[in-house]
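Peer 1: This is the structure I want to talk about, given as C-alpha cells.
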Amino acid sequence: MSLSLRDQLLQAGLINEKQAKAAAKQPHHQRVDRAPKKPVVVDPAKIAAEKAAAAKAARDAELNKIQRDKAEAKARRAQVKQLIEQNKLPKVESELLYNFIDGKEGKRIRRIPVTPAVRDQLSAGLLWIVRCDGRYEVVPSAIAERIKERDPNAVIPPRVEEASKPAEDDPYKDFVVPDDLMW
C-alpha cells in the first residue's frame, strides 16, 4: 500500500514530526466570515478632498507643462546661438553698408558693414541675416533655414528682388532706375 504524503515527506527528511503534527491540527478549509454589505454613506468632506486632490493634480500638471515648455525654449535658443556662432561670417570693417528692414512691422531699417561680394550674395539670397542677442550676423542660407526651424523670429528673410513693371498710369515709367544705384 502506498504511503500518505505526510509519511513520504517524513521519510525523505523534508519535514520533522513536530511540523507534521502542527499541519494536522490546522483545518483544511478556513471559513471566511462575510459581513452583510453596509449601505454606502456619502461623506461630503471626502468628496471635497477628492475634488481638491484632482484640482491640485491638474494644476501641478499645468505647471509641469509650463516648466517643460520653458526648458525646451531655452534649449532651442541655445541651439540657435550655437549654430550662429559656428557658422557666422567674420565681421568686416567697411564703409559699404547693407541696409535691411528689421522688425515685425517692417519699420526699422538696420545696416551692417559688408564687402561687395557679401552684398551680392545677400541680394541673391545665398546669405541671410540672423538676429542673436541683439546683434546681427550673416550666415549661409542652409544654416538660416535650420535656425528658422528652431526660432522663426531670429531670421530676417532676404528681400526678394522682383522686376516689377511700372503701372500704365505711372508718370515716371519712362525713367528707369539703374541697377547699380546705391542708397
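The values are calculated or read from the model by the stated rules, or taken from the named source; none is laboratory data. Predicted model only: the values in this text are computed from it and were never measured. Glycine gets a Cβ as well: all are built from the backbone with ideal geometry, and neighbour counts include every protein chain shown.
Peer 1: Consider L89 carefully, then state whether it is part of a helix (DSSP H, G or I), under 24 Å from R150 (Cβ atoms) and not basic (K, R). Write out each step before concluding.
Peer 2: Numbers: part of a helix (DSSP H, G or I): no; under 24 Å from R150 (Cβ atoms): yes; not basic (K, R): yes.
So L89 does not fit the description; no.
Peer 1: Take the residues in the range 92-119 that are of a type outside the set (A, V, I, L, M, F, W, C), assigned to a strand (DSSP E or B) and within 15 Å of I156 (Cβ to Cβ), then tell me which one is nearest to the chain's Cα centre (by Cα).
Peer 2: D102
Peer 1: To continue, here is another question. Of all residues in the range 120-135 being farther than 11 Å from P158 by Cα and crowded, with 18+ Cβ neighbours inside 10 Å, which is modelled with the highest pLDDT? Give the derivation first.
Peer 2: Within the range 120-135, the first condition is being farther than 11 Å from P158 by Cα, and the residues that meet it are 120, 131-135.
Checking which are crowded, with 18+ Cβ neighbours inside 10 Å leaves us with 131-132.
Details: R131: 89, C132: 85.
Among those that are farther than 11 Å from P158 by Cα and crowded, with 18+ Cβ neighbours inside 10 Å, it is R131.
Peer 1: Of everything in the range 92-113, what is closer than 27 Å to R150 by Cβ and in contact with a helix residue (DSSP H, G or I) (Cβ under 7 Å, 6 or more places away or on another chain)? Give them in sequence order.
Peer 2: Residue satisfying the conditions is Y98 alone.
Yes/no per residue for (1) of a type in the set (A, V, I, L, M); (2) modelled with pLDDT of 85 or more; (3) in a helix (DSSP H, G or I):
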position	(1), (2), (3)
R6	no, no, yes
Q11	no, yes, yes
I15	yes, yes, no
Q19	no, yes, yes
R31	no, no, no
P39	no, no, no
K46	no, yes, yes
